[in-house]
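Where a number appears in this text, it was derived from the coordinates with a stated rule and is not lab data. All values reported here derive from a predicted model rather than from experimental measurement. Please note: Cβ atoms are built from the backbone with ideal geometry, for glycine as well, and neighbour counts cover all protein chains shown.
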Amino acid sequence: MDMTHYEGEDGLVLGDEGVDNVRHLHVGDNLEVMRGMGSETVDLVYLDPPFNSNQNYRIVFRGPEGLKPRAYLPAFEDVWVWDDASEELLGDLMQGRSDQAIGKAVSGMLMLIGRDRMMAYLVNMTLRLIEIHRLLKATGSVYLHCDPTASHYLKVLMDALFGRENFRNEIVWCYRGGGVPRRDFARKHDLILRFTKGDEYVFNPQYTEYSQASVDLVARRGGVSIDDRERDLERGAHMNDWWSDINSLQTWSPERTGYPTQKPVRLLERIILSSTNEGDLVLDPFCGCGTTMVAAERLRRSWVGIDVEPMALSVLRGRFDREDLGWELDVRGLPSVDPFDGDDWSMMAIADPERFERAVISLIEGCVPWRNRQDEGKGIEGVVTLPIGHVIVGVRGGNGIAIDDVRDFLRVVEGESDHGVIGGVLVCGFEPNVDLLEAAAQAGTVCVEGESYSRLSVVTPREVFRNDGENGWGLVNAGRLNRLGVS
Ligand SMILES: C[S@@+](CC[C@H](N)C(=O)[O-])C[C@H]1O[C@@H](n2cnc3c(N)ncnc32)[C@H](O)[C@@H]1O
């Protein structure tokens, strides 16, 4: 078994255990993490990057009652624009590479496509593919999961980096279900580009069942098929490069975690079995909710997963607990966020106040982000409309709020009463102290249908998520629970 250390020179990724024992999750940008890893240390890379779909993806947390979504949190964005940052990355990429195949491929694409969102996506991807090529062992393989939106460009980039002679397969993964366009054929396949680093590589053929017609024919002909070649009916047929026997995850699938674009574990098991042996190191730099990690763990491979989205890791944590895979998560980088864990929220409020704000707004059912330019500076991030009036929501990231923040927000609530605002909720990353609660209590109460609610609540996201009405979260919560007739 290979015991190569996969530690980079700057020690960003540690591997004291040797690669046969590595189970590392990194929260952060994969480019930075991969740059910290040692060269030629990885046996297999599977990557399933955003496809340039121009969509924002959301995580659905299920409520205890089953399928009914309890809350949506923003997950990753797949929206690209050409901006100053892209120009800078292009500069980095071309530095010393203009005469290399990859430099020429990128220059050619730039001429063809121009500086637009597709090119921004490709420049970002190229920098990562360069690192992946460096990390792979001489016997290693990479599987790049993409779709027809950008697969043709990505294939050219991969040819330039890995060499056309190392292109092994274009796997067509066919699935069913989902929507159908009115004026086009239904798009029901993804593409998985398989390259190896060189000519000597690990490949364990996979087999699939023969059709009943083939089985009958071979049985009739005494073990040979129509071409007079022997067929091992028990072992099955050598697998093709189009896979239609693994469907995409449907909404009702028990495997679903709620994380968008989650892939089936069986798909990853097939890839890992084909291109690695027990104890080998598998890297997924866009690991999402960790499908690759689950498959690698079940098949006794070492693994490294990276995702920039802290929520992805909290979903993965739950998944490993549920599967009882029996290991301790070794998470590096930013804290992951467990929606029920106040400390996680506090860390997120400090580390990434903008994400904190977006996460909170999407957590409150029926809350619409407030985007009124005239109101900029008032600190209103969202509004919940109840039949009896509006409740405005303010979200404050950072390491806590002061009494003045509460008083300022109260003034905004009062100032907006002419516009139908009846109350406000201020959400912060830290448990409010008595002084803050007292300042909020000075706003008094609102009486609705004989029940009295705090006019101004100061709460943490954990209370919002727990549906906890005890800390003055009553007004919006009452709306959420349909007590005020909100449908
Ligand atoms: C298509 S999803 C992967 C889904 C995954 N295969 C699964 O089964 O759950 C793409 C993931 O890439 C992550 N991502 C996007 N840009 C990234 C970056 N620069 N570094 C690390 N992760 C990134 C997103 O947060 C998202 O979770």
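Some points to look at:
- Potential lengthening between LEU112 and THR149 on full extension [0.36 nm per residue; Cα-Cα distance subtracted]: 11.7 nm
- Cα centroid separation, segment 377-417 to segment 131-207: 49 Å.
- A DSSP coil position with no more than 16 other Cβ atoms inside 10 Å describes the following chymotrypsin sites (Phe, Trp or Tyr not before Pro) in segment 183-240: PHE185, PHE203.
- Taking 7 Å steps out from each Cα toward its Cβ at ASP184 and TYR57 produces label points 1.9 nm apart.
- Counting neighbouring beta carbons within 10 Å and listing from fewest to most, the residues TRP370, TRP173, TRP303 come out as TRP370, TRP173, TRP303.
- The lysines within cross-link reach of LYS188, meaning a Cα-to-Cα straight distance under 19 Å and a gap of 8 or more places when in the same chain, are LYS263.
- Total formal charge among the other residues, if their Cβ is under 12 angstrom from that of THR149, Lys/Arg +1 and Asp/Glu -1: -1
- GluC sites (Glu not before Pro) within segment 189-247, DSSP loop, no more than 14 other Cβ atoms inside 10 Å: GLU200, GLU209, GLU234
- Calculated FRET efficiency, GLN95 to THR385, Cβ-Cβ distance, R0 = 45 Å: about 0.30 to the nearest 0.05.
- Cβ crowding within 10 Å ranks ARG317, ARG266 as ARG266, ARG317, fewest other Cβ atoms first.
- A simple spin-label model places pseudo-atoms 7 Å from Cα toward Cβ; at GLN442 and TYR207 they are separated by 7.9 nm.
- Projected label distance in nm at TRP242 and ASP341, using a 7 Å step from Cα toward the beta-carbon: 4.5
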